[in-house]
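In what follows, a single structure is set out as structure tokens and then discussed.
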Amino acid sequence: MNSSPGTIIILDLEVTAWEGSAQRDWSAPGEVREIVQVGMIKLADNEELTEMESFEVLVRPRDNPILSEYFINLTGIVQADVDKHGVTFPHALADTLTFIGEVARIIHTFGRDEKWIDENCQMHGMASPTGSLPFHDVRRDFMDRLNMHTASLESGRLPEIMGFARPGSAHDAVTDCRCIAEGLRMFDRQDGA
């Protein structure tokens, strides 16, 4: 199903990680930000931001095929699932672009996820499609609205910060997309009040 006019996409990625890798910006030997999970939801551009469809794909990392214990504990993604259900990055990217379709109005991320897509495309010797897609880093909007200008603001923390029920496990890409969507709905309700 392709996106229809007015469709909003929320995209979240989970990437290989080790204890402290985010603070080091993945600069230690062997640390490469390889995408392991892509999650997206499509929302209707209406007052309710109605979720129309979701997408999730696991990706087998090429350079670090064995997931770290830190990553497994953080995300709940286990090695057996990646080995059994994971696809190559080029395959995952093709499926991701198919889900996005051709006319998404905007693709919200909570950070610079398109940078991670660019990095993975470069690792695989592929042209990156991100320059032609309507990405918007909504994290800055949340920081301003919540008056929380801190690097520790993550989409998975929005339920506790904003006071809504978590729609699944933290650091699951689709769950994190749903957290962002609920935060946007709450902002819309506040603006309409």
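Bear in mind that the values in this text are calculations on the coordinates, not laboratory data. None of the values given here were measured: they were computed from a predicted structure. For neighbour counting, all protein chains shown are included, and Cβ atoms are generated from backbone atoms with ideal geometry for every residue, glycine included.
Out of the residues in region 108-130 meeting the condition of being small (Gly, Ala, Ser) and within 13 Å of LEU97 (Cβ to Cβ), tell me which one is farthest from the chain's Cα centre (by Cα). My answer is ALA127.
Can you name the strands (runs of 3 or more DSSP E) wholly within region 1-78 that have at least 2 residues being surrounded by 15 or more Cβ atoms within 10 Å (Cβ to Cβ) and among the acidic types (Asp, Glu)? First the steps, then the outcome.
Numbers: elements: 8-15, 35-43, 51-58.
Per the criteria, 8-15, 51-58.
For region 102-118, a residue qualifies if it is surrounded by 21 or more Cβ atoms within 10 Å (Cβ to Cβ) and closer than 21 Å to VAL32 by Cβ, and the qualifying residues are THR109, ASP113, ILE117. Of all residues in region 167-192, those that are touching a residue at least 24 places away in the same chain (Cβ under 8 Å) and over 13 Å from VAL138 (Cβ atoms) have Cβ atoms under 6 Å from Cβ atoms of residues that are part of a loop (DSSP other than H, G, I, E, B) and of a type outside the set (Lys, Arg), 6 or more apart or on another chain, in SER169/GLY76; THR175/PRO167; THR175/GLY168; THR175/SER169; ARG178/PRO167. Among the residues of region 119-142, the one identified as small (Gly, Ala, Ser) and surrounded by 16 or more Cβ atoms within 10 Å (Cβ to Cβ) is SER128. Checking each residue in region 20-36 for being touching a residue at least 60 places away in the same chain (Cβ under 8 Å) and out of contact with any Ser or Thr (no Cβ under 7 Å at 6 or more places or on another chain) picks out only ILE35.
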